[in-house]
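The values are calculated or read from the model by the stated rules, or taken from the named source; none is laboratory data. Since the model is a prediction, treat every value here as computed from it, not as a measurement. Reconstructed Cβ throughout: ideal geometry from the backbone, glycine too, with neighbour counts over all protein chains shown. The protein model used for the area step is the full one, side chains on, heavy atoms only, and it has no ligands, DNA or RNA in it. Shrake-Rupley method; radii C 1.70, N 1.55, O 1.52, S 1.80 Å.
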Amino acid sequence: MATNYKNIRFEVERGVATLTLNRPERLNSFTAAMHADVRHALARVEAGVTAEPTVRCLVITGAGRGFCAGQDLNDRAVGAGAEPVDLGRTIDTLYKPLVLKLQRLPIPVIAAVNGVAAGAGANLALVCDLVFAARSANFLQAFAKIGLVPDCGGTWFLPRLVGHARALGLALLAEKLPAAEAEAWGLIWKCVDDAELMPTVRRVAEQLAGGPTRAYARAKAAIHAAGGLSLEGSLDLERDFQRELGASHDYREGVAAFIEKRVAKFTGE
Ligand code: LHQ
C-alpha cells in the first residue's frame, strides 16, 4: 500500500512502513508542510500498530543524495524577517511532538541514513532505535554555524550516546562526522557500503516486523526510562514488563518453538 504526499513518500509492505523524506532539491530539509505530511503518516503508522498489527516496524530515509538537512532555513516558520520569529514556538509545535512521537512509538524505528544528516536531520536519525548509515553519509551538528543550540533532542541523545567530551566537540565545532567514525564512536548502530544500505535495512526491518513486537516496545521503553531510574527502579520496571510479557502469545510461542526446535511464529501479541 503506497500513499502520495507532496513532501514525503509513504508505503507499507509486509509489516514495514517506509517514510521517505522527499524534498531532494533541498536535501529533504523540513518545512512546516513537510512536518504536516510526516505527522499525518505517523498517525497512520500508529493506527496500523494499534487497530490491527499491520505495521510492526518503521523505516525513515531520505530521497536523493541527502537524508535530511534539518530545518529549511528558507521556510517562513524560521525566516529572519523584520519581525523576529519565535523559534521556541517552532520547536513546541513541530519538532518536540515529532521527537516524542517517534520515541514513544511501540514498534522499532530504523533510520536509513542515505546521505548527509545535518542539524535537526542528524538528531531525527538519533531519535530512531537503530541507525544504519551509508558509508558516504555524515552527521553534522550544524546548529553552532547559525548561532543555535542542538535541538530535536540533540543535547539529550549526544552525551548519552558518545559521552560528554564528544557531545561538546560535535556541538561546538560543528564538523562533519563520517558514518564510519559515527559507528566507531557508538553514535549509530552500523555503517554499511552505500549499495548495501537499503537491502540491509529492508532485511532487518522485515526481521523486526516478524518479531515479538510487544517485547521490542517494552525493551525500548525500559532502556529509555533507565536514564532517569536507579538500578532498583530498572529492576522493578523489568519485573513489571516481564510479568506482562510472560502472559503474551509471543512468549508462549517462543518457548514452544525452542522446545520443538522450530522457528517461532511471532504475531506481536
Ligand atoms: C537547504 C538546506 C536547509 C534550506 C541545504 N535549508 N536549503 C532550526 C530553527 C528553528 C527551529 C527548530 O530547529 C531548527 C533546527 C535546525 O535544523 S537548524 C540547522 C539547519 N540546517 C543547517 O544549518 C544545515 C544547512 N545545510 C548545510 O550546511 C549544507 O547544505 C550541508 C552540509 C547539509 C550539505 O552541503 P552540500 O552537500 O554542499 O549541499 P548544498 O549546501 O549545496 O545543498 C544543496 C541544496 O540544498 C542547496 O540549494 P541550491 O539551490 O544552492 O542547490 C542548499 O541551499 C539547499 N539546502 N540545506 N537547511
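Count of the range 140-190 residues, restricted to those that are among the charged types (D, E, K, R), within 14 Å of the ligand (Cβ to nearest atom), assigned to a helix (DSSP H, G or I) and under 16 Å from VAL113 (Cβ atoms), is 0.
Pairing residues of the range 231-258 that are under 15 Å from THR213 (Cβ atoms) with residues that are open to solvent by less than 30 Å² (accessible area, probe 1.4 Å) and modelled with pLDDT under 95, at Cβ distances under 9 Å and at least 6 apart in sequence or on separate chains, gives HIS249/GLY268; ASP250/GLY268.
For the condition modelled with pLDDT of 95 or more and within 17 Å of LYS101 (Cβ to Cβ), VAL38 qualifies.
Just one of (1) farther than 17 Å from VAL49 by Cα; (2) open to solvent by 60 Å² or more (accessible area, probe 1.4 Å) fails for ALA226. It is (2). I'm trying to understand the selection: among the residues of the range 225-269, which are acidic (Asp, Glu) and either under 28 Å from the mean Cα position of the chain (by Cα) or assigned to a loop (DSSP other than H, G, I, E, B) (or both)? Scanning the range 225-269 gives ASP236, GLU238, ASP240, GLU244, ASP250, GLU260, GLU269. Out of curiosity, is ALA117 more than 9 Å from the ligand (Cβ to nearest atom), among the aliphatic types (A, V, I, L, M) and either at pLDDT 95 or above or out of contact with any helix residue (DSSP H, G or I) (no Cβ under 7 Å at 6 or more places or on another chain) (or both)? Judged against the criteria, ALA117 is not a match.
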